[in-house]
């Protein structure tokens, strides 16, 4: 794993940890919601990564049946809640964030998602 991947991913982990410590759960972690810029000249790090787009964020991690997030980065238990043919299933917003982080890391290392999903049924 490259030093840049480690640096960016550690910054995103720090951001998610800070959110979770304050009871905020993003629910749509994906590359498009990670902003990267060159750091200021007096910064310790050469680049700065920020988590953006909190439009689907929730203020608690109570179990939910609402599936949030982009399909390719959404946890299986969240997608199961979107299936009208299945029994109602619950997922936690925290597990949704952990799943999204895992898929983002996979993509940062390999250059592609683990699978292609255009719809929840894929």
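The values are calculated or read from the model by the stated rules, or taken from the named source; none is laboratory data. Just so it is clear, the structure is predicted and the values come from calculations on it, not from any experiment. Reconstructed Cβ throughout: ideal geometry from the backbone, glycine too, with neighbour counts over all protein chains shown.
For the criterion of being buried (at least 16 other Cβ atoms within 10 Å of the Cβ), at pLDDT 90 or above and closer than 23 Å to residue 108 by Cα, residue 35 fails.
When residue 78 is tested against (1) at pLDDT 60 or above; (2) touching a helix residue (DSSP H, G or I) at 6+ places or on another chain (Cβ under 7 Å); (3) farther than 25 Å from residue 7 by Cα; (4) assigned to a loop (DSSP other than H, G, I, E, B), just one condition goes unmet, and that condition is (4). Considering segment 37-52, the residues that are part of a loop (DSSP other than H, G, I, E, B) and in contact with a strand residue (DSSP E or B) (Cβ under 9 Å, 6 or more places away or on another chain) include one that is nearest to residue 3 (Cα to Cα), namely 46. Output yes when any residue across segment 108-121 is in a helix (DSSP H, G or I), in contact with a helix residue (DSSP H, G or I) (Cβ under 8 Å, 6 or more places away or on another chain), surrounded by fewer than 16 Cβ atoms within 10 Å (Cβ to Cβ) and at pLDDT 70 or above, and no when none is. Yes, segment 108-121 contains at least one residue that is in a helix (DSSP H, G or I), in contact with a helix residue (DSSP H, G or I) (Cβ under 8 Å, 6 or more places away or on another chain), surrounded by fewer than 16 Cβ atoms within 10 Å (Cβ to Cβ) and at pLDDT 70 or above. The test for being under 16 Å from the mean Cα position of the chain (by Cα), farther than 28 Å from residue 7 by Cβ and either modelled with pLDDT of 75 or more or crowded, with 16+ Cβ neighbours inside 10 Å (or both) holds for residue 59. Scanning segment 1-18 for residues that are assigned to a helix (DSSP H, G or I) and in contact with a helix residue (DSSP H, G or I) (Cβ under 8 Å, 6 or more places away or on another chain), we see that the one that is nearest to residue 59 (Cα to Cα) is 16. Criterion applied to 6, 30 was being surrounded by 11 or more Cβ atoms within 10 Å (Cβ to Cβ) and either touching a strand residue (DSSP E or B) at 6+ places or on another chain (Cβ under 7 Å) or farther than 16 Å from residue 96 by Cα (or both), and the one residue passing it is 6. Please enumerate the residues belonging to segment 3-16 that are within 12 Å of the chain's Cα centre (by Cα) and farther than 12 Å from residue 105 by Cα. Within segment 3-16, 15, 16 qualify.
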